[in-house]
Amino acid sequence: MKTIEKNIRKNGFDYRLVERTQTKAIYEQTDGADVVAYEVFIVHTAIAPAGWPNAGEEFERFPGNEDFGKTAWSCSSLCKAKHRYSKI
């Protein structure tokens, strides 16, 4: 199974892995220079659809907009992110 990369670029932001277990993660979100937020989320898996590379294979996915407030949260500080992380 393909795991989420340690460094990701998505929606104009850079994300860097801060902390991770098999089921949850914290990523630091930056705008290229400054820290904007910390993303805390439950790691979910999906199956690559037909037409994608490795179609039919399971992979971990970074949360989408629809996940926030349910299984993903944006925190304004690392302290708040670690607190949320400890609660999930």
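The dipole here belongs to the range 39-86: it is taken about the Cα centre, uses +1 on the Cβ of Lys and Arg and -1 on the Cβ of Asp and Glu, and is about 360 debye. Distances between placed amide hydrogens fall under 5 Å for Lys24 paired with Val43, all partners being 5 or more residues away or on another chain.
Using the Karplus relation 6.51 cos²θ - 1.76 cosθ + 1.60 with θ = phi - 60°, the per-residue 3J(HN,Hα) values for the range 30-47 come to 10, 9, x, 10, 10, 6, 9, 6, 10, 9, 10, 7, 7, 6, 10, 10, 9, 10 Hz, with x marking Gly and Pro. Across the chain, what fraction of all alpha-carbon pairs, as a whole percent, falls in each successive 5 Å bin from zero upward? Per 5 Å bin, starting at zero, the Cα-Cα P(r) for the chain comes out as 3, 14, 24, 24, 18, 10, 5, 2, 0 percent. Show which lysines lie in cross-link reach of Lys80 when reach means a straight Cα distance below 25 angstrom and same-chain residues fewer than eight apart are skipped. Output for Lys80: Lys6, Lys10, Lys24, Lys70.
Helical content of the chain, expressed as a calculated mean residue ellipticity at 222 nm, amounts to -3500 deg cm²/dmol (DSSP H runs of 4 or more residues, -39,500 (n - 2.57) each, divided by residue number, nearest 500). Inter-part distance, the range 60-88 to the range 4-49, computed on C-alpha centroids, equals 10 Å. Give the residues of the range 56-80 whose amide nitrogen is closer than 19 Å to a point set 7 Å from the Cα of Asp34 in the direction of its Cβ. The answer is 74-80, whose backbone nitrogens lie closer than 19 Å to the label point.
Find, among the trypsin sites (Lys or Arg not before Pro) in the range 20-83, those assigned to loop by DSSP (not H, G, I, E, B) with at most 11 other beta-carbon atoms within 10 angstrom.
Details: sites: Arg20, Lys24, Arg61, Lys70, Lys80, Lys82; in loops: Lys70.
When the trypsin sites (Lys or Arg not before Pro) of the range 20-83 are filtered for loop state and at most 11 Cβ neighbours within 10 Å, Lys70 remain.
Full extension of the segment from Ala48 to Lys80, taken as 0.36 nm per residue of separation minus the current Cα-Cα distance, would add 8.2 nm.
Every read-out reported here was derived from the displayed coordinates using simple, explicitly stated rules and does not represent laboratory data. These numbers were taken from a predicted model, which means no experiment stands behind them. All Cβ positions, glycine included, derive from the backbone under ideal geometry; neighbour counts span all protein chains shown.
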